[in-house]
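Reviewing the structure listed below.
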Amino acid sequence: MNIVLIGPVYPYKGGIAHYTSLMYRALAKENDVTMISYSMQYPKLLFKNEQRDYSNDMFKVEGTQFLINTANPFNLIRVGKKIKKMNPDLVIMQWWHPYFAPCYRILESAIGKSIKKMFICHNVFPHERFPMDRFLTKMVMKHGDYYIVHSKSDGEDLLSIKKNAKYMQNPHPTYNAFKIRDIDKWQARQELNIHSQQKILLFFGFVREYKGLKHLLRAMPEIREQIDDIRLMVVGAFGDDRQDYLDLIAEKGIKDCVEVIDGYTPDNEVEKYFAASDLVVCPYESATQSGIVQIAYGFDKPVVATNVGGLPDVVKDKKTGYLVEPQNPGELAKVIIDFYSNRREEEFMEHIKECAHEFSWEKMVETIMLLAK
């Protein structure tokens with residue numbers, strides 16, 4: 001197929017940029033794919049942090065056209081007409097936040113109805129809801145031809161705004177591209193000054209209230225009481241509430257077993273944290289899906305996740321990890337203690353390997369082709 005793929009890629013930061021780059025590579029193996037990204041993704045007024053990271057180009061897509069200014073309607077009309085002239089068989093757009101609704105609606109209109117459009121729904125509605133988000137989402141989604149969702153709950157959300165939506169559910173593919181050096185657990189631990197017998201939990205990614213880190217911190221005293229030599233690594237950028245988490249760590253008396261590594265983690269630094277860990281914990285209060293789960297699977301690492309959104313679709317309880325109820329420190333402690341007390345690591349790793357194709361980019365391409373044929 002002749003495909004135009006729209007979304008963020010290197011040098012833009014974050015999971016959606018990684019995802020788009022890996023999707024391009026998978027599609028380009030057997031299709032003619034044009035990668036179009038943003039000349040301006042978010043205005044600085046809305047996103048004050050640095051949006052780009054040039055420190056490592058492992059996700060670079062050669063030949064990317066950085067054309068789209070998301071806040072300039074005249075630019076969007078020009079880009080849409082340019083895409084229309086290419087006459088692709090399919091235009092694929094990444095969707096994750098209603099901020100992009102005006103941008104994508106103008107692009108849709110300029111591209112025209114005759115060219116088929118597919119939305120990859122990372123989440124239909126945003127994690128942190130706000131007034132008008134449903135209206136903005138519907139404004140764009142009702143004009144799509146095909147949709148891919150990563151969870152049953154997102155499929156239900158999609159049908160709530162477009163009853164006859166032609167969609168398929170495909171698991172969030174694994175981010176195995178982070179295995180750059182293919183170092184083992186013991187090499188990674190040497191780099192991080194962690195001794196070989198220490199038990200390592202990992203919380204990774206941007207720290208936001210809905211991600212439930214506070215519940216994991218509240219679980220740590222009980223975990224430490226039952227499991228010797230346990231350590232939680234919190235690796236990710238905090239927002240303005242960073243001090244609240246530090247105060248909770250002090251209140252619970254767990255400074256000695258919690259290490260906070262605050263800040264954005266460059267792509268080439270991700271590997272050592274996952275490779276060094278035993279168990280990745282995603283104690284989210286709400287979620288549609290999680291790229292962190294898929295990064296963990298890329299390193300054959302089991303996951304503790306909560307029974308929310310699409311997480312039960314990808315975490316198989318007592319096979320690839322554990323599912324617990326959200327906002328429940330007692331349950332988090334119980335399953336983490338079970339993991340170490342009953343030596344579950346090897347068993348869970350084998351189950352993750354058995355699911356490799358289900359979570360592969362090849363499977364994602366098969367789904368796209370089947371849906372758009």
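A short reminder: the numbers here are calculations on the coordinates, not readings from a lab. Only a predicted model underlies this, so the values are computations on that prediction, with no experimental measurement involved. FYI the Cβ positions are ideal-geometry reconstructions off the backbone, even for glycines, and counts take in every protein chain you see.
Distances between placed amide hydrogens fall under 5 Å for Leu232 paired with Leu201, Val258, Glu259, all partners being 5 or more residues away or on another chain.
Near Tyr10, the amide H atoms lying under 5 Å from its own belong to Val61; only residues 5 or more places off or on other chains count, and H is placed 1.01 Å from N. Label reach from Lys179 (point 7 Å along Cα→C-beta): in region 252-290, amide nitrogens under 20 Å belong to 267-281. Amide H contacts for Met40 (H built 1.01 Å from N in the peptide plane; partners 5 or more residues away or on another chain; cut-off under 5 Å): Ile68, Asn69, Thr70. Take every pair of alpha-carbon atoms less than 8 Å apart whose residues are at least six positions apart; their mean separation over the length of the chain yields a relative contact order of 15 percent.
Here the relative contact order of region 176-354, from alpha carbon pairs under 8 Å that lie six or more residues apart, stands at 25 percent. Placing unit charges on the Cβ atoms of the charged side chains and taking the dipole of the chain about its Cα centre, the candidate lying farthest along the positive direction among Pro283, Phe238, Leu136 is Leu136. Rounded, prolate or oblate: which fits region 157-230 when a ≥ b ≥ c are the square roots of the eigenvalues of the alpha-carbon gyration tensor, with rounded for a/c under 1.5 and prolate only if a/b beats b/c? It comes out oblate by the Cα gyration axes. Considering only Ile83, Gly14, Ile336, the residue lying farthest towards the positive end of the dipole of the chain is Ile83, judged by Cα position with unit charges set on Cβ.
Phi-derived couplings, Karplus 6.51 cos²θ - 1.76 cosθ + 1.60 at θ = phi - 60°, listed residue by residue for region 108-114: 3, 5, 5, 5, x, 6, 6 Hz, with x used for Gly and Pro. Couplings 3J(HN,Hα) for region 326-338, derived from phi with the Karplus relation 6.51 cos²θ - 1.76 cosθ + 1.60 (θ = phi - 60°), are x, 6, 9, x, x, 5, 4, 4, 4, 6, 5, 5, 4 Hz, where x marks Gly and Pro. In this Cβ point-charge picture (+1 for Lys and Arg, -1 for Asp and Glu), region 1-75 has a dipole of about 240 debye about its Cα centre. At q = 0.10 Å⁻¹, work out log10 I(q)/I(0) for the chain with the Debye formula, treating every Cα as an identical point scatterer and leaving solvent out; two decimals please. Computed log10 I(q)/I(0) values: -0.64.
Straight distance only, please: which lysines reach the Cα of Lys116 with their own Cα at less than 18 Å, same-chain residues fewer than 8 apart left out? Within reach: Lys81, Lys82, Lys84, Lys85, Lys138, Lys142, Lys162, Lys166, Lys373. Rounded to the nearest 10 degrees, the inclination of helix 242-251 to the longest alpha-carbon principal axis of the chain is 20 degrees. Between Asn2 and Leu46, residue separation times 0.36 nm minus the direct Cα-Cα distance comes to 12.4 nm. Cross-link pairs exceeding 21 Å in C-alpha to C-alpha distance, out of Lys29/Lys363; Lys199/Lys252; Lys29/Lys152, comprise Lys29/Lys152. Fewest neighbouring Cβ atoms within 10 Å first, the residues Glu50, Glu259 line up as Glu50, Glu259.
Net charge dipole, region 42-138: roughly 520 debye, given to the nearest 20, about the Cα centre with Cβ charges of +1 for Lys and Arg and -1 for Asp and Glu. Taking the C-alpha atoms only, the angle from helix 73-86 to the longest principal axis of the chain is near 80 degrees. The listed peptides 247-255, 229-237, ordered by packing as a protection proxy, come out as 229-237, 247-255 (highest mean of other Cβ atoms within 10 Å first). Across all directions, the average flat footprint of the convex hull enclosing the Cα atoms of region 176-354 is 9.2 nm². Computed from Cα atoms, the angle from the helix 15-28 axis to the main principal axis of the chain rounds to 60 degrees.
Computed from backbone phi, the HN-Hα couplings of region 164-176 come to 9, 4, 8, 9, 9, 9, 9, x, 4, x, 6, 8, 6 Hz, rounded to whole numbers (Karplus: 6.51 cos²θ - 1.76 cosθ + 1.60, θ = phi - 60°; Gly and Pro given as x).
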